[in-house]
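First up is the structure itself, then whatever we jot down about it.
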C-alpha cells in the first residue's frame, strides 16, 4: 500500500468514526429538587394510671410540637410513682414519628435521588432538667418507607440514620420503587430512638429526647428524554 492509498484509508476511517459517533445522541441529565407535599407528625402513646388505683389520672399530653415544615422525632415520658404499700402510678408515654411525602408521579425513571435535610433543634430531659445543644443533636435512628399512617406511622425498608446534624442520604432505590409502582408512595419515615410505646411495659421515667428537622428536599437526577412529563 502506497502513501496515497494509506492516506485515503486513514481518511475514510476517520470519516466513518465521526459518522458513527454522531449517531449516538448525547445524554443530557437534569437535576431537580422537590419540596415535600406533606409532613405528617404523629405522637401515639399511652397515659393513665396503673397499680392499685381507685381512680385514673389524666396527665396532659406532651407540650412539644412540630411547627410548619418541621418533622419531630423522639419521645417524652412522664411518671409519678404512687405511695407504698399499694402504689397507684400515674404515667404518660409518647413516641413521635414523622412521614415526609414527595410527589414523584411525573417521573418514569431516575438516575439517582438524595434526601437532603437538617436538624434544626433538639432537647434532652434527664433528672428533671431539660437542655438543648448547639449544634443540635439528631435522635432519629431509622429512615424507612412508610407503609401505613394509621398506627403511629409504620414502615419497612429501614436503613440506619447517618450522623447529623445535616443529611444527604442516598435514596435512589427507594424512589425507583415508587416510580415503578413496586412500593406504594406514602413517604419516608423518620423514627427512633425507641419503638412505639408498649402498653404492657410503660417507661417508668421522666426522660425525653426530641429532635426537629427541616429544609427537606428530594434531589433527583434524571434524563429528560426518558421522562416526558418531568420538567425539560
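From 43, 48, grab the single residue that is at pLDDT 95 or above and within 30 Å of residue 185 (Cα to Cα).
Numbers: 48 fails: within 30 Å of residue 185 (Cα to Cα).
The match here is 43.
Looking at the structure I just gave you, is residue 26 without any contact (Cβ under 8 Å) to a residue 24 or more places away in the chain, under 18 Å from the mean Cα position of the chain (by Cα) and part of a loop (DSSP other than H, G, I, E, B)?
no
Scan segment 59-75 and tell me whether some residue there is modelled with pLDDT under 95 and touching a strand residue (DSSP E or B) at 6+ places or on another chain (Cβ under 7 Å).
yes
What single numbered condition from (1) assigned to a loop (DSSP other than H, G, I, E, B); (2) under 28 Å from residue 179 (Cβ atoms); (3) out of contact with any helix residue (DSSP H, G or I) (no Cβ under 9 Å at 6 or more places or on another chain) fails to hold for residue 84?
(2)
For segment 135-232, give me every one of the strands (runs of 3 or more DSSP E) that falls completely inside it and has 1 or more residues that are exposed (fewer than 15 other Cβ atoms within 10 Å of the Cβ). Before you say what the answer is, go through the steps one by one.
Working: elements: 142-148, 154-160, 166-170, 188-191, 208-222.
Of the strands (runs of 3 or more DSSP E) lying wholly inside segment 135-232, those with at least 1 residues that are exposed (fewer than 15 other Cβ atoms within 10 Å of the Cβ) span 142-148, 154-160, 166-170, 208-222.
Before we move on, is residue 48 surrounded by fewer than 19 Cβ atoms within 10 Å (Cβ to Cβ), out of contact with any strand residue (DSSP E or B) (no Cβ under 6 Å at 6 or more places or on another chain) and in a strand (DSSP E or B)? Steps first, please.
Working: surrounded by fewer than 19 Cβ atoms within 10 Å (Cβ to Cβ): yes; out of contact with any strand residue (DSSP E or B) (no Cβ under 6 Å at 6 or more places or on another chain): yes; in a strand (DSSP E or B): yes.
Against the criterion (surrounded by fewer than 19 Cβ atoms within 10 Å (Cβ to Cβ), out of contact with any strand residue (DSSP E or B) (no Cβ under 6 Å at 6 or more places or on another chain) and in a strand (DSSP E or B)), residue 48 qualifies.
The values are calculated or read from the model by the stated rules, or taken from the named source; none is laboratory data. Nothing here was measured: the structure is a model prediction, and the numbers come from that model. Don't worry about glycine lacking a Cβ; one is built from the backbone with ideal geometry, like all the others, and counts go over all protein chains shown.
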